[in-house]
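*Asks:* Sending over a structure as structure tokens; questions will come in a sec.
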Amino acid sequence: MNESKNVPYPVFLRHHGTWEGTYTLIDAKSGVILDHHRSRLTCVTNGIDSYHQQNLYAWDDGREEVKEFPGEFEGGWLRFNNPRLRGQSCEVDPNTIFLTWVYKDQPNDFYSEIITLVSDTHRSRTWQHFENGEFTKLTIIDERKVG
């Protein structure tokens with residue numbers, strides 16, 4: 001989608017659609033790969049007030065997991081607050097979104113993510129994991145838009 005000055009959240013609108021890629025979880029101290037799996041994320045937004053994301057994760061051993069992330073746009077932010085997590089994200093520049101969140105069952109841990117649109121069909125995402133005040137893990141995500 002093309003950016004428009006009349007649309008309040010143009011960068012979020014560019015993420016609308018289905019993205020496939022891989023997640024690689026790395027131990028921040030040793031550099032050891034802790035997990036690697038495929039993903040299929042579907043982002044649905046009108047760029048004005050509603051957002052919904054569904055993540056399907058798939059491992060080579062046949063395991064699959066589905067997570068839902070409903071959100072609401074408010075005052076320049078996309079906010080998430082559901083039984084699993086609480087977080088917020090904002091557009092930083094024409095290609096970048098910054099997101100922070102906490103899982104409600106792990107209140108001493110938090111996460112930050114940078115999402116960069118390399119193009120309208122390719123994005124990269126990087127998570128920093130902080131557990132009890134320590135930087136512990138890094139997740140690297142590479143995705144291509146497929147729909």
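The values are calculated or read from the model by the stated rules, or taken from the named source; none is laboratory data. All of these numbers come straight from a predicted model, not from anything done at the bench. Using ideal geometry, Cβ is built from the backbone for each residue, glycine included, and neighbour counts are taken over all protein chains shown.
*Asks:* Take the residues of the range 48-89 that are touching a Cys at 6+ places or on another chain (Cβ under 9 Å) and more than 27 Å from ARG38 (Cβ to Cβ): which is surrounded by the most Cβ atoms within 10 Å (Cβ to Cβ)?
*Replies:* Top of the filtered list is TRP77.
*Asks:* Can you tell me which of (1) closer than 20 Å to GLY147 by Cβ; (2) at pLDDT 95 or above; (3) not β-branched (Val, Ile, Thr) is the one ASP93 doesn't meet?
*Replies:* Evaluating ASP93 over (1) closer than 20 Å to GLY147 by Cβ; (2) at pLDDT 95 or above; (3) not β-branched (Val, Ile, Thr) leaves (1) as the failure.
*Asks:* If GLU143 passes every condition in (1) among the acidic types (Asp, Glu); (2) at pLDDT below 95; (3) closer than 29 Å to VAL32 by Cβ but one, which one does it miss?
*Replies:* (2)
*Asks:* Filter the range 93-141 for residues that are crowded, with 17+ Cβ neighbours inside 10 Å, charged (D, E, K, R) and in contact (Cβ under 8 Å) with a residue 60 or more places away in the chain; which is nearest to GLY71 (Cα to Cα)?
*Replies:* ARG123
*Asks:* Here's a follow-up. Scan the range 27-41 and give yes if some residue there is touching a strand residue (DSSP E or B) at 6+ places or on another chain (Cβ under 7 Å), within 16 Å of TRP101 (Cβ to Cβ) and modelled with pLDDT of 95 or more, otherwise no.
*Replies:* Yes - at least one qualifying residue is present in the range 27-41.
*Asks:* Hey, another quick one. Consider only pairs whose beta carbons are under 6 Å apart and that are at least six residues apart or on different chains; among these, list those whose first residue lies in the range 20-32 and is over 19 Å from GLY147 (Cβ atoms) and whose second residue is aromatic (Phe, Trp, Tyr) and at pLDDT 95 or above.
*Replies:* Once the first residue is over 19 Å from GLY147 (Cβ atoms) and sits in the range 20-32, its partners that are aromatic (Phe, Trp, Tyr) and at pLDDT 95 or above give ALA28/PHE135.
*Asks:* How about the range 39-147: which strands (runs of 3 or more DSSP E) wholly inside it have at least 3 residues that are of a type in the set (S, T, N, Q)?
*Replies:* So the answer is 50-58, 109-119, 122-131.
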